Amino acid sequence: MSKQVTDILIVGVGGQGTLLTSRILADVAVQMGYDVKVSEVHGMAQRGGSVVTQVRYGKKVYSPIIKKGDADILLAFEKLEAARWLDYLKPDGMVIINDERVDPLPVMSGKVKYPEDIVDKIQKLIPNTRLINATEIAGQCGNTRAANVVLVGVLAAVAGLPVKEMENAIRSLVPEKAIDINLKAFEEGMKIIAN
Amino acid sequence: MKRLMIGNEAIARGAYEAGATVATAYPGTPSTEIVSSFAKFDDVYAEWSPNEKVALEVGIGASIGGARTLVAMKHVGVNVAADPLYTFAYTGVNGGLVLVSADDPGMHSSQNEQDNRGYGKFAKIPVLEPSDSQEALEFCKKGFELSEEFDTPVMMRITTRLAHSQTMVETGEKQEYEIKGYKKNAPKYVMLPANARARHVEVEKRILKLKEYAESSELNRIEWGDTSIGVITSGVPYQYVKEALPEVSILKLGMVNPLPENMIKEFSHKVERLIVIEELEPVIEEQIKSWGVKVEGKELFSLLGEYSPELIEEVLKGISNEDRYGLVKEIPGRPPLLCPGCPHRGVFYTLRKMRLMVAGDIGCYTLGALSPLDGMDTTICMGASIGTAMGMEKARGEEFAEKMVAVIGDSTFVHSGITPLIDIVYNQGTSTVLILDNDTTAMTGHQEHPATGKTITSQPTRKLDLVELVKSIGIENVQVVDPLKLDELQNALKEELGKREPSVIIAKRPCALIASKPSGVRYYVDPELCTGCKLCIRIGCTGINFLDEEKIAVMNDNNCVGCGLCPQICKFDAIKVLEV
Ligand SMILES: Cc1ncc(C[n+]2csc(CCOP(=O)(O)OP(=O)(O)O)c2C)c(N)n1
């Protein structure tokens, strides 16, 4: 049975902008006429904890959360978080990882070491893995904070999402004065896959 | 028009469409966005109450006054409001009242995972449980109708997953609701024993009528499928069942108290195996068992945590994707932590340095309990710090109190810290209480409270003066310090701990996320002076990192906000201002 619903898991560190990313994707899925469900994280975890938001769209969606082993795409804003949530990916799914390291408390306090080889390990397990230097690209577009939208561009290209609808969603969801930088970041993200 | 809404926004919309004009709440994840969304409608009154008991009491007044009223709180908030709730169940309503209890299975942001369907059962009031945002809107409207029809407060029980999931919602028109007339009715609203005895009779009659209603209500429905398994479920777990077991027969309960006994019995006769899938307590299962019906539930599914589609697959189909790649165990955890520039950080660093016993409380500052700050001995519930400190002192003596503080946030102090502070004065305790006044309710997303001087709609209002307040209840030793000036803080602590009298220290500095102007100061670590002692790393700030190979600290300029805390901690003056 082929999957009827597209499942995108967005993971990162509280404060990195996963919520905006999921809202852009959901907005586009709504514009495309799909049934959509999005599960968000509010509250305590937003203070620098591990956060996950989930976007599901298709003809009819029941659960707001993705079944482990079902995600089509895992979009990770941070390397360690990609590994933490890897079980959610379907066997032939795709991982998009921002080449960004944020040390969690146990690493900061010296209790454990940050696993440096984590991306290699993921790449060995999941051949379809893309490591993206989104923070740097966003910096070139004018603001490192638009890294999440660079990743949205990558994701849109991979998932074949319609560009005009994506741009509409970005315009309606980012603050007025950041629209240009974010549209540029989106475009650069798309280009990575096109090239 | 259809659009995406989180469950909480849909509830607010439902109340608005039902003509509700009053809404009250004290913030608490996952309930907060209900009343903050409602406050945005025109021609309504919404408030952040000082705590949940007050929220419900204001709600009760509004209902008796004839308005449809929405009251929202997180699950543990209902404990605070339980006293008025149980008796309001006796008096019943005038204008309809819906009380939303937002439970938190899995404890995403809570100190326990109690199941508040139990309150519905004990208070003998109807409990509705929606399974997506559309139902949240509709059930809320229905709740107001039932409230008035059956003369009862109605509880709507939601969970984090409903509160914070966006699903498609078709909104409706706002219904014109004329506020009900008010007529004095002491036998109904004055709960003296004689009146309450009569009302209790009404409560018992009402629950029987509600049981009858449950049998035919469209809130409960059967979706027939394969009859080898029949699942009884409600709320978001219904969606998980649809996902994981699309083939089975389902009895979906929209009203989980009281239960439709006959409907359930009939369903049980038509299926081979009857299973209840409910998160947390076996509230439905135990009632079904009490009718002598054979049913499975908690022997299959956990009493703990949040369910998921894969959990249901695992239990009933034996499919597991748990740690397929064997990566999970080598990944360090990522607990939440205090933000760079957070005024709470220096407080916990100092308390730990002074080796004090810390009776803690709930708020962002509870993160000071985590390693490496390790700055808290106890955390129970909102407001408990001050009473706990008093109890410690009475058990162990005044000398112990010299090495102990109670730590409480400003919003939490107003919520439930004032009465225990009165206890300290009244019963001659000597404890030192540290109020962390960051001018907001940070943990739940920066809501106003009485001491911020602004209302839920950001309108200026009379500001509660914490210094005058604590003085007026008899605290003679009151100091206000800046928690980013560690010397100032430490001196104040030493001074007040040394007194055999109660004291209050107010550590005053706005939350780093709302502070109007960043300091603008940049710092760097001088690699010549840094000895790699890692003292600065022990404040658990993402603004400063340690390079394992070079064995020195460096600033992380992306995160550092220039609060100036770490330079005060460095013993070698290695952290310096970057001149630009
Ligand atoms: C009875 C109850 N209501 C609400 C909450 C949710 N909650 C936890 S802490 C808190 C207030 C935090 O504000 P404050 O004390 O000012 O500390 P801050 O987070 O600003 O540091 C709230 C509303 C709760 N845990 N218990």
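The values are calculated or read from the model by the stated rules, or taken from the named source; none is laboratory data. Only a predicted model underlies this, so the values are computations on that prediction, with no experimental measurement involved. Virtual Cβ from ideal backbone geometry, glycine too; neighbours counted across all protein chains shown. Calculation scope for accessible area: heavy atoms of the full protein, side chains included, ligands and nucleic acids excluded. Shrake-Rupley method; radii C 1.70, N 1.55, O 1.52, S 1.80 Å.
Between 0 and 90 degrees, the angle of helix B:82-91 with respect to the longest Cα principal axis of chain B falls at about 30 degrees. Near residue B:156, the amide H atoms lying under 5 Å from its own belong to B:99, B:100, B:101, B:128; only residues 5 or more places off or on other chains count, and H is placed 1.01 Å from N. For the pair residue B:526 and residue A:112, label points projected 7 Å from Cα toward Cβ lie 3.7 nm apart. Across B:580, B:98, the residue with the most accessible area heads the list, and the full order at a 1.4 Å probe is B:580, B:98. Distance distribution P(r), region B:523-577, all Cα-Cα pairs, bin width 5 angstrom from 0: 4, 23, 39, 26, 8, 0 percent.
Using only alpha carbons, the protein assembly as shown has a radius of gyration to Kirkwood radius ratio (Rg to Rh) of 0.98.
Largest first and in whole Å, the equivalent-ellipsoid semi-axes of region A:92-155 read 23, 19, 8, each the square root of five times a Cα gyration tensor eigenvalue. Plainly put, region B:344-508 has a radius of gyration that is 0.94 times its Kirkwood radius, both from alpha-carbon atoms, as the Rg/Rh ratio. Ordered from largest to smallest accessible area (heavy atoms of protein chains, 1.4 Å probe), the residues B:471, B:252 come out as B:471, B:252.
Each residue of region B:456-470 was assigned a 3J(HN,Hα) from its phi angle through the Karplus curve 6.51 cos²θ - 1.76 cosθ + 1.60 (θ = phi - 60°); the sequence is 4, 9, 6, 7, x, 8, 4, 8, 5, 8, 5, 5, 5, 4, 5 Hz, with glycine and proline shown as x.
With r as the distance between the Cβ atoms of residue B:42 and residue B:494 and R0 = 56 Å, compute the FRET efficiency 1/(1 + (r/R0)^6) and round to 0.05. Efficiency at R0 = 56 Å is approximately 0.55. Assuming a ≥ b ≥ c are the square roots of the Cα gyration tensor eigenvalues, decide whether region B:176-215 counts as rounded (a/c under 1.5), prolate (otherwise, with a/b larger than b/c) or oblate. The shape class here is oblate. If you take all other residues with their beta carbon under 9 Å from the beta carbon of residue B:165, and give Lys and Arg +1 and Asp and Glu -1, the sum is 0.
Dividing the Cα radius of gyration of region B:36-93 by its Kirkwood radius returns 0.97 for Rg/Rh. Across region B:523-577, Cα pairs under 8 Å and at least six residues apart give a relative contact order of 46 percent.
With a 1.4 Å probe and all protein chains kept in place, how much accessible area does residue B:144 have, in Å² rounded to the nearest 10? We get 0 Å² for residue B:144. Based on the inverse mean of 1/r over its pairs of different Cα atoms, what is the Kirkwood hydrodynamic radius of chain A, in Å? Roughly 16.8 Å, rounded to one decimal. The A and B chains share an interface that buries close to 4900 Å² of accessible area, total over both sides, probe 1.4 Å. The C-alpha atoms of region B:203-247 occupy a region whose extents along the principal axes are 40, 21, 15 Å, arranged from largest to smallest. When nucleic acids and ligands are ignored and a 1.4 Å probe is applied, residue B:273 ends up with an accessible area of around 80 Å².
With a 1.4 Å probe rolled over the protein heavy atoms of all chains, the accessible area of A:144, B:233 falls in the order A:144, B:233, largest first. Rolling a 1.4 Å probe over the heavy atoms of the protein chains gives the protein assembly as shown an accessible area of 40 Å² per residue. Looking at B:340, B:136, B:16, which one has the Cα that reaches farthest to the positive end of the dipole of chain B (charges on Cβ: Lys, Arg +1; Asp, Glu -1)? Toward the positive end, the furthest listed residue is B:16. Dipole size of region B:344-508 about its Cα centre, with +1 on Lys/Arg Cβ and -1 on Asp/Glu Cβ: approximately 180 debye, rounded to the nearest 20. If you average the alpha carbon positions of region B:425-493 and of region B:157-231, how far apart do those two centres end up, in angstrom? Going from one Cα centre to the other spans 40 Å. Residues of region B:328-345 buried by at least 10 Å² of accessible area upon assembly of all protein chains, compared with the chain on its own (1.4 Å probe): B:328, B:330, B:331, B:332, B:333, B:334, B:335, B:336, B:337, B:339.
Divide the volume of the convex hull around the Cα atoms of region B:199-326 by the residue count and you get 117 Å³ per residue. Using only alpha-carbon positions in region B:397-489, the gyration tensor eigenvalues give semi-axes of 25, 16, 12 Å once each is multiplied by 5 and square-rooted (largest first).
Counting Lys and Arg as +1 and Asp and Glu as -1 over every other residue whose Cβ lies under 14 Å from the Cβ of residue A:36, the net charge comes to 0. Relative contact order of region B:344-508: 22 percent, from C-alpha pairs under 8 Å at least 6 residues apart in sequence. Computed from the alpha carbon atoms alone, the convex hull of region B:109-190 holds 141 Å³ per residue. Here region B:1-85 is assigned +1 on the Cβ of each Lys and Arg and -1 on the Cβ of each Asp and Glu. Its dipole about the Cα centre then comes out at about 260 debye. Size check on chain B: the Cα extents along the three principal axes, sorted descending, read 79, 65, 51 Å. Backbone phi angles across region B:328-338, fed through the Karplus curve with coefficients 6.51, -1.76 and 1.60 (θ = phi - 60°), yield HN-Hα couplings of 4, 5, 8, 8, x, x, 10, x, x, 8, 5 Hz in residue order; Gly and Pro are listed as x.
Per-residue Karplus couplings for region B:179-188, computed as 6.51 cos²θ - 1.76 cosθ + 1.60 with θ equal to phi - 60°, are listed in order as 4, 6, x, 10, 10, 4, 8, 4, x, 8 Hz, Gly and Pro entered as x. Dipole of chain A computed with +1 at Lys/Arg Cβ and -1 at Asp/Glu Cβ about the Cα centre; of A:14, A:185, A:62, farthest Cα towards the positive end is A:62. The modelled label-to-label distance between residue B:266 and residue B:476, using points 7 Å beyond Cα along the C-beta direction, is 7.5 nm.
Look at where the Cα atoms of region B:235-270 and of region B:515-580 average out, and the two centres are 57 Å apart. A probe of 1.4 angstrom, applied to the heavy atoms of all protein chains, finds residue B:247 with accessible area near 80 square angstrom. Think of each Lys and Arg Cβ as +1 and each Asp and Glu Cβ as -1; about the Cα centre, that makes the dipole of chain B roughly 1080 debye.
Think of region B:459-522 as having a plus end and a minus end, set by charges on the Cβ of Lys, Arg, Asp and Glu; of B:514, B:484, B:474, B:514 sits farthest toward the positive end of this dipole.
Looking at the P(r) of region A:10-122, how many percent of alpha-carbon pairs lie beyond 16 Å? Above the 16 Å cut-off, region A:10-122 has 62 percent of its Cα pairs.
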